[in-house]
Amino acid sequence: MHEPDVPSVDYDVSASAPSDVSADLLCVPVFDKDDALDDVPGADAATGGELGRARAGHEFKARAYDVFVTPTIPGQWKARRIAFVGVGERDGATAERLRRVASTCAYVARARGAAHVAFLLRGGVPSDRFAQAVADGLLMASYDEAAYRQQSDARPKRLERISIVAADAASVDAVTAAARRGRVIGESVNLARALVNEPGNVLPPRELASRIARIGAMAGLSVDVYDENAIRERGMRLLQAVAQGSAEPPRVIVLRHNPPNAPASPVIGLVGKGVTFDSGGISIKPAEGMERMRGDMAGGAAVAAAMRAIARLGSPYRVIGVIPATENMPGSRATRPGDVVKGMNGKTVEINNTDAEGRLILADALVFARSLGATHLIDVATLTGAVVVALGKHVAALFGHPDAWVNTVRDAAERAGDRLWPMPIYEEAREQIRSEIADILNSAGRPGGAITAAAFLREFAGDGAWAHLDIAGTSWAETKSAHQPKGASGTAVRVLTEIGMTGGRTDPR
């Protein structure tokens, strides 16, 4: 059965000779300026010598994401056009680089109106890693980021078919299996991007819960959605405090992957912030840029998408996803700065900044995830502007305990192609969030803001393994690049999927 939330794209793997690949655009990765393309015989002749002239004239240098597109000579190759895409040094061909190269190629295809794009796998890189990353990257470009444009001529061509060409017939089975993994992950990343890109009026908490429930059910996950009454009954007062300023009621979405014969431990718990629109509440945000606050549920979207991938790929481990969903609005019942609220674990919180709402809803969700049996937690959230100041727009922050678990998550991110950088939570951060009238403050101000936010979450994570991913800088691309249009990036889906598939082991697959 077709999933309505997943764009339909025809897809195949073969071991054809490059000259026999019939496609609107054939992508050939080139590893560096000295790559002679010996395993792609006839490439220069097929272009009428244009490739050789471009390389000799330094028009194409094969640096990462360089692209040279040229038509083929009639009667030479079956592909109408060839895109030679630079990878850079072969030793630098990480999963992230390969995925971005494939996305670059696919976006070039869309810009030129090509409905069918094929990608040639080259030797020198493990075929399974290459194929998974390429399939992931090609699928990313199948997402229509202009869904609300009414003029068809203002929307780029949609990919209808994707082909991956193995280096040889002997590797087809391995490539097919790896490409399937990449396809599932790429589809799931696109689901996250689609959710994050949705306007706030289209995707309030109830609709977010409905969509995620449908996605989860079609993937074979067990789904429970808790309404405002169930949230109240479970004592999730911090979530209620954020939600009460909005006319839209909150929801908590729980997704479970519980395969037969799964080991008793680990039970991975993924917790994602689901603020569908964040005005800042009474501590209201500036008007400039507030429209982007529809994407304050990127962490929740990443968890939902990763749970779908984990189920589709058949992880042998138990995984639980918990997504607290709410708006943060300044209605007449909104929480006031200075209010004190008790969290689900009994700790009292002085809310001195209602715009520090994400940590409040995550706090209750972390406690709830532990109560559901999670032994190893990862929360993911667009939590602080401070992390953007610290790390910029291309790497997310990683906090947690113990060090072994933090290192496991970082290693998984490296394999999956998500960038994380470990950050400390020194004991002084606990002093910064100490309240005069309650157990803790929800905000310690600007200095070390990402660290003190993580210190707050640590109060609710429990003694077991816990990691916190602050993706405020990476969840949204401010500018267009060769491999990523402006808008939602789908960050963290890959690392969460990798953890869910491996159970946090350091010897994956």
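Quick look at the numbers
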quantity	calculated
Looking only at segment 388-425, and only at residues there that are surrounded by 16 or more Cβ atoms within 10 Å (Cβ to Cβ) and of a type in the set (Lys, Arg), the one that is nearest to Ala465 (Cα to Cα)	Arg410
Segment 249-262, subset within 27 Å of the chain's Cα centre (by Cα) and farther than 18 Å from Leu195 by Cα, residue surrounded by the most Cβ atoms within 10 Å (Cβ to Cβ)	His257
In segment 317-350, residue nearest to Ser371 (Cα to Cα) [restricted to those that are open to solvent by 30 Å² or more (accessible area, probe 1.4 Å) and outside any loop (DSSP other than H, G, I, E, B)]	Arg318
Arg292 being open to solvent by 10 Å² or more (accessible area, probe 1.4 Å), part of a helix (DSSP H, G or I) and without any contact (Cβ under 8 Å) to a residue 60 or more places away in the chain	no
Out of Ile361, Ile378, sole residue that is of a type outside the set (Lys, Arg) and either in a helix (DSSP H, G or I) or modelled with pLDDT under 95 (or both)	Ile361
Enumeration of residues in segment 275-294 that are of a type outside the set (Lys, Arg), under 22 Å from Leu239 (Cα atoms) and within 21 Å of the chain's Cα centre (by Cα)	Val275, Thr276, Phe277, Asp278, Met293
Elements of type strands (runs of 3 or more DSSP E) in segment 389-491, at least 1 residues being over 30 Å from Val101 (Cβ atoms) and hydrophobic (A, V, I, L, M, F, W, C)	396-401, 465-470
Residue in segment 425-441 that is free of Cβ contacts under 8 Å to residues at least 12 places away in the same chain and either more than 22 Å from Arg359 (Cβ to Cβ) or touching a Lys or Arg at 6+ places or on another chain (Cβ under 8 Å) (or both) present	no
Hits in segment 415-450 (condition: of a type in the set (Asp, Glu) and touching an Asp or Glu at 6+ places or on another chain (Cβ under 9 Å))	Asp418, Glu436, Asp439
In segment 161-212, residue nearest to the chain's Cα centre (by Cα) [restricted to those that are closer than 26 Å to Glu291 by Cα and among the small types (Gly, Ala, Ser)]	Ala192
Subset of segment 100-115 (residues that are among the small types (Gly, Ala, Ser) and open to solvent by less than 10 Å² (accessible area, probe 1.4 Å))	Ala102, Ser103, Ala106, Ala109, Ala114
Whichever residue in segment 7-33 is aliphatic (A, V, I, L, M) and assigned to a strand (DSSP E or B) and, among such residues, is most open to solvent (accessible area, probe 1.4 Å)	Val13
Unique residue being under 19 Å from the mean Cα position of the chain (by Cα), within 26 Å of Glu291 (Cα to Cα) and either surrounded by fewer than 24 Cβ atoms within 10 Å (Cβ to Cβ) or among the small types (Gly, Ala, Ser) (or both) when the list is Gly487, Gly504	Gly487
Test for Glu89: is it acidic (Asp, Glu), closer than 16 Å to Asp35 by Cβ and open to solvent by 10 Å² or more (accessible area, probe 1.4 Å)	yes
Only one of Ala287, Ala262, Ala301 that is farther than 16 Å from Ala356 by Cα, touching a residue at least 60 places away in the same chain (Cβ under 8 Å) and either assigned to a helix (DSSP H, G or I) or among the small types (Gly, Ala, Ser) (or both)	Ala301
Whichever residue in segment 451-466 is surrounded by fewer than 24 Cβ atoms within 10 Å (Cβ to Cβ), within 21 Å of Ile268 (Cβ to Cβ) and of a type outside the set (Lys, Arg) and, among such residues, is nearest to the chain's Cα centre (by Cα)	Ala465
Filter result (open to solvent by 70 Å² or more (accessible area, probe 1.4 Å) and basic (Lys, Arg)) within segment 52-76	Arg53, Lys61, Arg63
Matching residues in segment 2-42 - criterion: being of a type in the set (Asp, Glu) and under 17 Å from Ala102 (Cα atoms)	Asp10, Asp12, Asp24, Asp32
Search result, residues across segment 34-51 that are over 27 Å from Asp128 (Cβ atoms), touching a residue at least 24 places away in the same chain (Cβ under 8 Å) and buried (at least 18 other Cβ atoms within 10 Å of the Cβ)	Ala46, Thr47, Leu51
Candidates Ala118, Ala79, filtered to the one that is buried (at least 24 other Cβ atoms within 10 Å of the Cβ), small (Gly, Ala, Ser), touching an Asp or Glu at 6+ places or on another chain (Cβ under 8 Å) and at pLDDT 95 or above	Ala79
In segment 160-201, the residues that are surrounded by fewer than 17 Cβ atoms within 10 Å (Cβ to Cβ), among the aliphatic types (A, V, I, L, M) and touching a helix residue (DSSP H, G or I) at 6+ places or on another chain (Cβ under 9 Å)	Ala174, Ala177
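The values are calculated or read from the model by the stated rules, or taken from the named source; none is laboratory data. It should be emphasised that the depicted structure is a prediction, and the values quoted were computed from it without experimental measurement. Neighbour counts are summed over all protein chains in view; Cβ atoms, including those assigned to glycine, are modelled from backbone coordinates with ideal geometry. Quick note on the areas: whole protein, heavy atoms, side chains included, nothing else; ligands and nucleic acids left out. Shrake-Rupley method; radii C 1.70, N 1.55, O 1.52, S 1.80 Å.
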